[in-house]
Amino acid sequence: MPTILENIVALKKKGLAILIDPDKVDEISLNELIINAIRAKVDLFLVGGSLISSDNMDMVLETLSSVENIPKILFPGNGLHVNKKADGILLLSLLSGRNADFLIGQHVVAAPALKRSGLDILPTGYMLIDGGKQTTASYMSGTTPIPNNKPDIAVATAMAGEMLGLKLIYLDAGSGANSPVKPKLIDAVKSNISLPIIVGGGINTTAKARQAYEAGADMIVVGNATEKDPNFIIELGALRNEFISKNSH
């Protein structure tokens, strides 16, 4: 069965996802975000974060369940973030680090619960890219991101993930990064693997989103920027539709 991302690529469609951190939303802000996501025709809701300290996960997933045609995919920080109220989960293997716990350890702990959950499981090679400051993801995982100016390392890492049988590659500069993943690095990875590529972190302007799409990102993910300006997602939706229109001709 093709994954959601593989379907997007097959349609030659550029994807757009919103990352929702349950710790950073309440019912009012979430409902405003949903309205704008529907207007922008967002493809996915990613729900999660490196550290979830509130009890909002159920509220977020239940509220998102009222939205038709936008899947709810878990973006887990550890093996405890499995929730049956989602539609699927990015099963993240942290390829860019050397911490065995985030390469396979957490997966072993979570496997029985995942098997019972019925969630659509999307095996994903997760690669942290240096965005100019330490992020929660790098701190919690105890790993060093790949330098943004070292596309050769990123390419070899992504190639290894593809050879290991992973289905997606996620290049992430981290939440609130000073700078996003560089277009040169995205282009290098895209040119050397056949997997769909997700790119997130530090995309806080339409210009940066355009650069990511043009470099080869199949889907971009925005989080912090939509928390600061909920209307930003409308601008990104228009940009995404521009690329879809180009590809349809």
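The values are calculated or read from the model by the stated rules, or taken from the named source; none is laboratory data. No experiment lies behind these values; they were computed from the predicted model shown. Note that each Cβ is placed from the backbone with ideal geometry, even for glycine, and that neighbours are counted across all protein chains shown.
Please determine, by comparing only the residues of the range 198-238 that are under 17 Å from D187 (Cβ atoms) and without any contact (Cβ under 8 Å) to a residue 24 or more places away in the chain, which one is surrounded by the most Cβ atoms within 10 Å (Cβ to Cβ).
Ranking the qualifying residues of the range 198-238, first place goes to I203.
Quick one: how many residues across the range 208-234 are at pLDDT below 95 and touching a Ser or Thr at 6+ places or on another chain (Cβ under 9 Å)?
Matching residues across the range 208-234 total 7.
Can you tell me which residue in the range 132-163 is nearest to S96 (Cα to Cα), limited to those that are in contact (Cβ under 8 Å) with a residue 24 or more places away in the chain and aliphatic (A, V, I, L, M)?
My answer is I146.
Among the listed residues G97, G88, which satisfies the condition of being in contact with a Pro (Cβ under 7 Å, 6 or more places away or on another chain) and of a type outside the set (D, E)?
Details: G97 fails: in contact with a Pro (Cβ under 7 Å, 6 or more places away or on another chain).
So the residue among G97, G88 that is in contact with a Pro (Cβ under 7 Å, 6 or more places away or on another chain) and of a type outside the set (D, E) is G88.
Between residues in the range 69-83 that are farther than 15 Å from L122 by Cβ and residues that are among the small types (G, A, S), which pairs lie under 6 Å by C-beta distance while being six or more apart or on different chains?
Going by the 6 Å Cβ cut-off, the qualifying pairs are G77/G49; G77/S50; G79/A110.
Which number in (1) in contact with a Leu (Cβ under 6 Å, 6 or more places away or on another chain); (2) within 26 Å of K208 (Cβ to Cβ); (3) at pLDDT 90 or above marks the one condition that I70 misses?
So the condition that I70 fails would be (1).
Here is a yes/no grid of residues against (1) of a type in the set (A, V, I, L, M, F, W, C); (2) within 20 Å of F45 (Cα to Cα):
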| position | (1), (2) |
| --- | --- |
| N178 | no, no |
| T206 | no, yes |
| G216 | no, no |
| M219 | yes, yes |
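Can you tell me which residue is modelled with the lowest pLDDT among those in the range 146-178 that are part of a loop (DSSP other than H, G, I, E, B) and more than 21 Å from D218 (Cβ to Cβ)?
Going through the range 146-178, the residues part of a loop (DSSP other than H, G, I, E, B) turn out to be 147-150, 164-167, 173-178.
Cutting the leftovers down to more than 21 Å from D218 (Cβ to Cβ) gives us 147, 149-150, 176, 178.
Details: P147: 97, N149: 97, K150: 97, G176: 81, N178: 91.
Per the criteria, the residue is G176.
Does P183 qualify as being surrounded by fewer than 23 Cβ atoms within 10 Å (Cβ to Cβ), in contact with a helix residue (DSSP H, G or I) (Cβ under 6 Å, 6 or more places away or on another chain) and at pLDDT 95 or above? Explain how you work it out, then say what you get.
Working: surrounded by fewer than 23 Cβ atoms within 10 Å (Cβ to Cβ): yes; in contact with a helix residue (DSSP H, G or I) (Cβ under 6 Å, 6 or more places away or on another chain): yes; at pLDDT 95 or above: yes.
Yes, satisfied.
What are the residue pairs meeting all of these: first residue in the range 15-30, first residue under 26 Å from A217 (Cα atoms) and small (G, A, S), second residue surrounded by fewer than 23 Cβ atoms within 10 Å (Cβ to Cβ) and at pLDDT below 90, Cβ atoms under 8 Å, and 6 or more apart or on different chains?
Here the result reads G15/I8, each pair linking the range 15-30 to a residue that is surrounded by fewer than 23 Cβ atoms within 10 Å (Cβ to Cβ) and at pLDDT below 90.
Does D55 satisfy the condition of being surrounded by fewer than 22 Cβ atoms within 10 Å (Cβ to Cβ) and either under 30 Å from A238 (Cβ atoms) or in contact with a Cys (Cβ under 7 Å, 6 or more places away or on another chain) (or both)? Walk me through how you get there before you give the answer.
Working: surrounded by fewer than 22 Cβ atoms within 10 Å (Cβ to Cβ): yes; either under 30 Å from A238 (Cβ atoms) or in contact with a Cys (Cβ under 7 Å, 6 or more places away or on another chain) (or both): no.
Spelling it out, it is not the case that D55 is surrounded by fewer than 22 Cβ atoms within 10 Å (Cβ to Cβ) and either under 30 Å from A238 (Cβ atoms) or in contact with a Cys (Cβ under 7 Å, 6 or more places away or on another chain) (or both).
If the requirement is being hydrophobic (A, V, I, L, M, F, W, C), in a strand (DSSP E or B), crowded, with 21+ Cβ neighbours inside 10 Å and modelled with pLDDT under 95, which of these qualifies: L128, L122?
Details: L128 fails: modelled with pLDDT under 95.
Sole residue among the options that is hydrophobic (A, V, I, L, M, F, W, C), in a strand (DSSP E or B), crowded, with 21+ Cβ neighbours inside 10 Å and modelled with pLDDT under 95: L122.
Just one of L92, L80 is in a strand (DSSP E or B) and not small (G, A, S); which is it?
Working: L80 fails: in a strand (DSSP E or B).
So the residue among L92, L80 that is in a strand (DSSP E or B) and not small (G, A, S) is L92.
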